[in-house]
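Enquirer: The structure follows.
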Amino acid sequence: MNKGWLAAVGAMLTLWVIVLGAPWFGSRIAASRIPDPDSAEMRAEVARVAGLAAREDFPKGANCAVKVLRVEAATTWAWAHCVGWQSSNDGYLEAGWSSPIRVDGQVVVRPEDGANNGSSVKEMMPWDLRHLVLRNPGKAQPAEPQLPAKPG
């Protein structure tokens, strides 16, 4: 048998394993690197991010559950699930959202809705966290928060 042919086939198989296995492997790496939510540092960061996420859409107050995925310098990547009340002509309406977010200092960045969601998640998150939130979101999402009391 031609050894050059065998080497080429082996190289192609190796390339296919890398290409097809990278997304799965990336989400595994990200899931294994999620910070310990029980540490005092992470509890403080969860509270900070939850407060910032709540004020985005709910000036009358909201409850936000947050799962911190990573913290690097002044940037935190997380998944936030917020529920609260929004003013309307008929009083207050229950509202909420659940999304991966990036927090740069005090600024919360959320991905676009609809067709551009996947591409905006790719722009705002490191590669391994992209794969986690797009391909295995159940590992990234926090528990659903309680709806706060309706404003008076």
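The values are calculated or read from the model by the stated rules, or taken from the named source; none is laboratory data. Quick caveat: nothing in here was measured; it's all calculated off a predicted structure. Cβ: placed from backbone, ideal geometry, glycine included. Neighbour counts: every protein chain shown.
Enquirer: Out of Ala95, Ala65, Ala149, report the one residue that is out of contact with any strand residue (DSSP E or B) (no Cβ under 6 Å at 6 or more places or on another chain) and among the aliphatic types (A, V, I, L, M). Step through it out loud before you land on a result.
Expert: On the way: Ala95 fails: out of contact with any strand residue (DSSP E or B) (no Cβ under 6 Å at 6 or more places or on another chain); Ala65 fails: out of contact with any strand residue (DSSP E or B) (no Cβ under 6 Å at 6 or more places or on another chain).
Of the residues listed, the single one that is out of contact with any strand residue (DSSP E or B) (no Cβ under 6 Å at 6 or more places or on another chain) and among the aliphatic types (A, V, I, L, M) is Ala149.
Enquirer: Limited to the stretch 70-102, what total is found for residues that are among the aromatic types (Phe, Trp, Tyr), under 15 Å from Ala54 (Cα atoms) and either surrounded by fewer than 16 Cβ atoms within 10 Å (Cβ to Cβ) or out of contact with any Asp or Glu (no Cβ under 8 Å at 6 or more places or on another chain) (or both)? Spell out how you get there, then give the answer.
Expert: First, pick out the residues of the stretch 70-102 that are among the aromatic types (Phe, Trp, Tyr): 77, 79, 85, 92, 97.
Checking which are under 15 Å from Ala54 (Cα atoms) leaves us with 79, 85, 97.
Within this subset, residues satisfying the condition of being either surrounded by fewer than 16 Cβ atoms within 10 Å (Cβ to Cβ) or out of contact with any Asp or Glu (no Cβ under 8 Å at 6 or more places or on another chain) (or both) are 79.
Summing the residues that are among the aromatic types (Phe, Trp, Tyr), under 15 Å from Ala54 (Cα atoms) and either surrounded by fewer than 16 Cβ atoms within 10 Å (Cβ to Cβ) or out of contact with any Asp or Glu (no Cβ under 8 Å at 6 or more places or on another chain) (or both) in the stretch 70-102 gives 1.
Enquirer: Could you please find all residues in the stretch 106-152 being charged (D, E, K, R) and either assigned to a helix (DSSP H, G or I) or in contact with a Gly (Cβ under 7 Å, 6 or more places away or on another chain) (or both)? Give the steps one after another, and end with the answer.
Expert: Residues of the stretch 106-152 charged (D, E, K, R): 110, 112-113, 122-123, 128, 130, 135, 139, 144, 150.
Matches in the stretch 106-152: Lys122, Glu123, Asp128, Arg130, Arg135, Lys139.
Enquirer: Ok, one more. Is one or more of the residues making up the stretch 110-121 free of Cβ contacts under 8 Å to residues at least 12 places away in the same chain, surrounded by fewer than 18 Cβ atoms within 10 Å (Cβ to Cβ) and among the aliphatic types (A, V, I, L, M)? Before the answer, list the steps.
Expert: Taking the stretch 110-121 first, the residues free of Cβ contacts under 8 Å to residues at least 12 places away in the same chain are 112-117, 119-120.
Okay, now just the ones that are also surrounded by fewer than 18 Cβ atoms within 10 Å (Cβ to Cβ), so 112-117, 119-120.
Those still in the list that are among the aliphatic types (A, V, I, L, M) too: 115.
Checked against the condition, which is being free of Cβ contacts under 8 Å to residues at least 12 places away in the same chain, surrounded by fewer than 18 Cβ atoms within 10 Å (Cβ to Cβ) and among the aliphatic types (A, V, I, L, M), the stretch 110-121 yields at least one hit.
Enquirer: State all residues of the stretch 100-152 that are farther than 30 Å from Asp90 by Cβ, more than 12 Å from the chain's Cα centre (by Cα) and among the charged types (D, E, K, R); if no residue qualifies, say none.
Expert: Asp104, Glu123
Enquirer: Restricting to the stretch 57-69, what's the tally of residues that are surrounded by 15 or more Cβ atoms within 10 Å (Cβ to Cβ) and either closer than 19 Å to Asp128 by Cα or touching a residue at least 60 places away in the same chain (Cβ under 8 Å) (or both)?
Expert: Matching residues across the stretch 57-69 total 8.
Enquirer: Another question, if that's okay. Any chance the stretch 61-80 includes a residue that's modelled with pLDDT of 90 or more, touching a Cys at 6+ places or on another chain (Cβ under 9 Å), of a type outside the set (Asp, Glu) and not in a strand (DSSP E or B)?
Expert: no
Enquirer: Right, another one. Filter the stretch 70-89 down to the residues that are over 14 Å from the mean Cα position of the chain (by Cα) and in contact (Cβ under 8 Å) with a residue 12 or more places away in the chain and list them by number. Talk me through it step by step, then tell me what you get.
Expert: Start the filter on the stretch 70-89 by keeping residues that are over 14 Å from the mean Cα position of the chain (by Cα), which leaves 72-74, 83-89.
Ala74, Val83, Gly84, Trp85, Gln86, Ser87, listed by residue number.
Enquirer: Moving to a separate point now. Condition first: within 20 Å of Lys139 (Cα to Cα) and hydrophobic (A, V, I, L, M, F, W, C). Now tell me which residues in the stretch 84-98 satisfy that.
Expert: Hit for the stretch 84-98 is Trp97, nothing else.
Enquirer: Do we find a residue being β-branched (Val, Ile, Thr), outside any loop (DSSP other than H, G, I, E, B), under 22 Å from His131 (Cβ atoms) and modelled with pLDDT of 90 or more anywhere in the stretch 82-91? Steps first, please.
Expert: Going residue by residue through the stretch 82-91, those that are β-branched (Val, Ile, Thr) are 83.
So of that shortlist, the ones also outside any loop (DSSP other than H, G, I, E, B) come out as 83.
Next, from what is left, pick out any that are under 22 Å from His131 (Cβ atoms): none.
Checked the stretch 82-91: no residue is β-branched (Val, Ile, Thr), outside any loop (DSSP other than H, G, I, E, B), under 22 Å from His131 (Cβ atoms) and modelled with pLDDT of 90 or more.
Enquirer: Can you tell me which residues in the stretch 20-60 are at pLDDT 90 or above and basic (Lys, Arg)?
Expert: Selection gives Arg43, Arg48.
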